[in-house]
């Protein structure tokens, strides 16, 4: 049967309609995506050349900031090493800076060994550490065979656990594990990467585990673990004598649910009857 004979019985998805009313702002935002601003601080210019080493060995010509500038521009523009060398030279020429340009050989040799300085935190107080995880599928040369010929292959997945500072949105801790490792088991390795005190530890229901509260209480006793209890969560045995943070969360959720049921069902607490 011809394909057009079934056109009337097929499910048609209507074309989405988007109405743009602020064309001026929309066009300016599109142009802003191609804007490029590069500047060199006075400290970077002063420390562009490497300081003379006092130990035996060859003398480096470029400092670590000079070496990291090339790979950073290379990653943004997806360039080769020699093209990166030309881009750095053109930027220095446009800025009018009389600085030597790192050759592609030092870039390839020193870039993997350079240790980047830790980015400064946005606030000086304790940080709020947001945690979550995501799955990563490993793609290899066999993907083409799967898509082309339909061959079967066992997929490989990894789990990336991330800890982010809430104030600045900067990732301060990360671990990569197999997919069979749960989120609560990586709280300790994530906290080991955090320098400084932690005020709060927000997460989803996957972090409502005793394996989360124990390392938090050991490393940061004053930190608040903000994780919603599971539906089958029960109070601990020491609730009446020494309640924990999790016990308090369970009691708050239970009280909130009871009040919501009273409001929805019309229960009168003063007269002990229903309307």
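Each reported figure results from applying straightforward, stated rules to the coordinates on display, with no laboratory input. Everything numeric here is computed off the predicted structure, so don't read it as measured data. Using ideal geometry, Cβ is built from the backbone for each residue, glycine included, and neighbour counts are taken over all protein chains shown.
Ordering 205-217, 88-100 by mean Cβ neighbour count within 10 Å, with the highest value first, yields 205-217, 88-100.
Note on residue 195 and residue 166: with the Förster distance fixed at 25 Å, the Cβ-Cβ geometry gives a FRET efficiency of about 0.95.
In this label model, residue 256 and residue 174 are separated by 3.1 nm, measuring between points 7 Å along each Cα→Cβ vector.
The modelled label-to-label distance between residue 114 and residue 134, using points 7 Å beyond Cα along the C-beta direction, is 2.6 nm.
Listing 67, 45 from fewest to most neighbouring C-beta atoms within 10 Å gives 45, 67.
Note the full-extension length gain between residue 217 and residue 89 as 0.36 nm times their separation in residues minus their Cα-Cα distance, in nm to one decimal. Contour length minus the Cα-Cα distance gives 40.9 nm.
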